[in-house]
Amino acid sequence: MTSVADVQLAVERLWPRAGAEGWDAVGLIAGDPADEVRRILLAVDAVLDTAAEAVATGADLLLVHHPLLLRGVTSVAADTGKGRIVTDLVRARCALLAAHTNADVVERGTSGELARILGLTAQQPIVASASGDDTGLGRVGLLPEPITLGRLAEVLARALPSTASGIRVAGSFDRPVQRIALCGGAGDSLLAEPAVVAADVYVTSDLRHHPASDARERHALGRGPALIDVSHWASEWLWLDAAAEQLRAELPGVEVAVSDLRTDPWDFQVPQ
């Protein structure tokens, strides 16, 4: 029998808790470590829809990237969103577990999978972990040959699941790019990192107005990268297939499925 505790051990082997940021809240969120696990469902977010999918498909554990209770709460009553998720999962004896920044920094993490899909070579983390190995936040590497910024944006548009927010670009469509820095999820905190500044383009998500505007001005003066902003959810969804493959190898006999539900928060966009 494979238990929730066994899954926790497998997750620790693949995405060690020591790799998580100090502010993060990874690990088991709800569930009994002694319960049996026969089916795992993977998703980026623990939301009402993915919790319902886990229950409806008979999953014994929902493994998500984003922790449900990242910030302190005083109630998980079922008349709140987070409370309803916890209540529905507990009633169905479906555990909830998160692998967040500890799954960002590994070779086959969120940024690593995006870099692999783009075919980047000579990859290195943007910010290396203190452990001295190849783990760390983000990735920087080279495309096999230069392409235009617009062409790169089109490649990403085909590689990523579509969302209402689409792909946003700051820079000239025809500008050649080859050195790519990227960070799955929110990455404007890395804009000043030397590896990002030295790149031809920086691919990330959730770029805020002022940091993006400042970076655009530096780029116009030849002192920084062009920018490509993609959906936070879409950039991290790519990791799920790799995570599922690794879990199947760690937990033979356990069925591992990936949710196709789009949990990007935006539903549609109106052209102006």
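Write out the trypsin sites (Lys or Arg not before Pro) in the stretch 214-272 meeting two conditions: DSSP loop, and at most 11 other Cβ atoms within 10 Å of their Cβ.
Taking the stretch 214-272 and a limit of 11 other Cβ atoms within 10 Å, the loop trypsin sites (Lys or Arg not before Pro) found are 223.
Given the options 99, 243, 122, state which has the largest fluctuation in a GNM of the chain using a 10 Å cut-off (strictly under) for Cα springs.
Greatest mean-square fluctuation among the candidates belongs to 122.
Scan around residue 30 for amide H atoms under 5 Å from its own, H built in the peptide plane at 1.01 Å from N, and keep only partners 5 or more places away or cross-chain.
96
At 7 Å along the Cα-to-beta-carbon direction for both residue 116 and residue 80, put a label point, then send me their distance in nm to one decimal.
3.7
Quick one: Cα convex hull volume of the stretch 105-233, Å³ per residue?
Normalising the Cα hull of the stretch 105-233 by residue number yields 94 Å³.
Stretch residue 5-residue 248 to full length: gain in nm at 0.36 nm per residue minus the Cα-Cα span?
Stretched out fully, the residue 5 to residue 248 stretch lengthens by 85.9 nm.
For residue 157 and residue 134, FRET efficiency with R0 = 35 Å and r from the beta-carbon atoms, rounded to 0.05?
Computed FRET efficiency for residue 134 and residue 157 comes out at 0.75.
Are there any chymotrypsin sites (Phe, Trp or Tyr not before Pro) in the stretch 195-266 that are in a DSSP loop and have at most 12 other Cβ atoms within 10 Å? List them by number.
When the chymotrypsin sites (Phe, Trp or Tyr not before Pro) of the stretch 195-266 are filtered for loop state and at most 12 Cβ neighbours within 10 Å, 266 remain.
Once fully extended, how much extra length lies between residue 268 and residue 21, figured as 0.36 nm per residue of separation less the alpha-carbon to alpha-carbon distance?
85.6 nm
If I build a Gaussian network model for the chain, linking alpha-carbon pairs within less than 10 angstrom, which residue out of 231, 131, 162 has the largest mean-square fluctuation?
131
Could you work out the Kirkwood radius for the chain, taking every pair of different alpha carbons, averaging 1/r and inverting it, reported in Å?
With all distinct Cα pairs of the chain included, I get 19.4 Å.
Relative to the present Cα-Cα distance, how much length would full extension add between residue 88 and residue 142 at 0.36 nm per residue of separation?
Gain on extension, residue 88 to residue 142, equals 14.9 nm.
About its Cα centre, how strong a charge dipole does the stretch 212-259 have in debye, to the nearest 20, once Lys and Arg get +1 and Asp and Glu get -1 at the Cβ?
320
Under 18 Å from a point 7 Å along the Cα-to-Cβ line of residue 192: which residues of the stretch 219-237 have their amide N that close?
219, 223-225
Using a Förster radius of 30 Å, what is the FRET efficiency between residue 108 and residue 218 based on their Cβ-Cβ separation? Nearest 0.05, please.
After rounding to 0.05, the efficiency reads 0.40.
Taking only DSSP H segments of four or more residues, each worth -39500 (n - 2.57), what value at 222 nm results for the chain once the sum is divided by all its residues, to the nearest 500 deg cm²/dmol?
-9500 deg cm²/dmol
Coordinate-derived values only; no laboratory data. For clarity, every value in this text was computed on a predicted model and none was experimentally measured. All Cβ positions, glycine included, derive from the backbone under ideal geometry; neighbour counts span all protein chains shown.
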